[in-house]
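Working notes, beginning with the structure itself.
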Amino acid sequence: MRVKTFRAPTLAEALAEVKAELGRDAVILQTRRLRQGGILGMLATEVFEVTAATDPNQAPPKKAAPPPREPAAAEDKMSDAKLLAVHLELASMRKTFESAMASLQQNANQSRSDQSDANRNPALQEWLRQNDIEPFAAETLLARIPTNGTVDLDKYYPLLREQVYPFFQNAEGIVLRPGYCKVVALIGPTGVGKTTTVAKLAANFALREKYRVALITADTYRIAAVEQLRTYADLIGIPIEVVYTPPELRQALARHQDKQLVLIDTAGRSPANQPQMAELNALLAVDPGIEKQLVLSATTKFTECMHAVRRFQESNPQKYLFTKIDEACNLGTVFSLLVQAPKPLSYITTGQNVPDDIEPANPERLTSLMLRGIK
């Protein structure tokens, strides 16, 4: 017996491949619906897998000698033969379709059974609700966690920790190289704390790490924003420049090529304001080497946070920086975003104090914050 597996985007295409290669006498052994490709479950494509078999040693039916042809009778017999062939073909297709649908139904029932096991676990469901974890992220988190209906959530702590940790593991702060001027721009919606975060980064790199640092601000829309950052620059003892246009930014960057780190504070942009977004993108386009970090607040609802991510994607941010971790009741927004739109985490902020209250994103600490209250 010859057994072969076929994969195609649709069940009909897979069955067509079976028929084309193995013939109409092929027997369908199994059908499955799979997801393949993607990253961490995202952007995966759905395919249908059909396993079929046929006997290559099966002797073909012997052809009977054709009877003497009579003009009218021969045409009638040929028509009857074609009609019979159509009926046989339809019967074969119906049998194959019924077998495939039965297999798909069985897989769907199993999936619903697995999900119902999780739904019957009140402790896990309540924890997901309290942490504001959106449905897709919750499904991803529970996919590899066996459930047994226990109400003791602390029994799940090791399993949850094992599943949560990898999503926080991709973390990298600002990396400086000898003899190279690193340029980092903080972008993001209004009110997330970009200016204070720029000051914290500048103070840490200049005062604690002893690097040569310069500040550039393009936030000329908010009242007193320039003076606020200028005050921080004077206290730290580093230069600051104000730019209004892309050519001015290009010139400012050229003047500070001797620095090891140049931090750019941009004006807060509404993700729904396309002219503002276009202005921001034009400003940052002066140097393709600028590292863009998207600053988001951990207190923002996931749907609003995801909307900002989609709109700021035009600016091609390489990393996330989350502020107001201390004000957030949980890390549901942070975790859900890393599941839906993964990027490296750079830093988190935990207050308003400069230069304190900022730290590199640490997987162990974030995982512990995520699971706080369980044990």
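Placing +1 at every Lys and Arg Cβ and -1 at every Asp and Glu Cβ, with all other atoms neutral, what dipole size does segment 252-375 have around its Cα centre, in debye to the nearest 20?
Computed about the Cα centre, the dipole is about 360 debye.
Report the rotationally averaged projected area of segment 119-269 based on its alpha-carbon convex hull, in square nanometres.
12.4 nm²
Search the structure for amide H atoms under 5 Å from the amide H of A361, placed 1.01 Å from N in the peptide plane, and list their residues when 5 or more places away or on another chain.
Y347, I348
Ratio of segment 297-375's C-alpha Rg to 2.2 N^0.38 Å, to two decimals?
Segment 297-375 yields a ratio of 1.09.
Give the separation of the Cα centroids, segment 201-264 to segment 343-372, in Å.
23 Å
Ignoring any ligand, DNA or RNA, what whole percent of the accessible area of segment 155-271 comes from carbon and sulfur when the probe is 1.4 angstrom?
Carbon-and-sulfur percentage of accessible area, whole number: 52.
With each label point set 7 Å from Cα along the Cα-Cβ vector, what nm distance links L176 and T231?
Each label point is offset 7 Å from its Cα along the Cβ direction, giving 2.6 nm.
Apply the Karplus parameterisation 6.51 cos²θ - 1.76 cosθ + 1.60, with θ equal to phi minus 60°, to every residue of segment 341-356 and state each ³J(HN,Hα) to the nearest whole Hz, in sequence, with x for glycine and proline.
9, x, 8, x, 8, 9, 9, 10, 10, 10, x, 9, 5, 10, x, 7
Using modelled backbone amide H atoms (1.01 Å from N, in-plane), which distant-in-sequence or interchain residues come within less than 5 Å of E241's amide H?
The answer is L215, I216, T217.
If amide H atoms are built 1.01 Å from N in the plane of the peptide, which residues on other chains or at least 5 residues away come under 5 Å of the amide H of G188?
R269, V295
The values are calculated or read from the model by the stated rules, or taken from the named source; none is laboratory data. This structure is a prediction, so every number in the text was calculated from the model and none was measured. Counting neighbours? That spans all protein chains shown, and the Cβs are built from the backbone with ideal geometry, glycine included. Side chains are part of the model used for accessible areas, which takes the heavy atoms of the whole protein and leaves out ligands, DNA and RNA. Shrake-Rupley method; radii C 1.70, N 1.55, O 1.52, S 1.80 Å.
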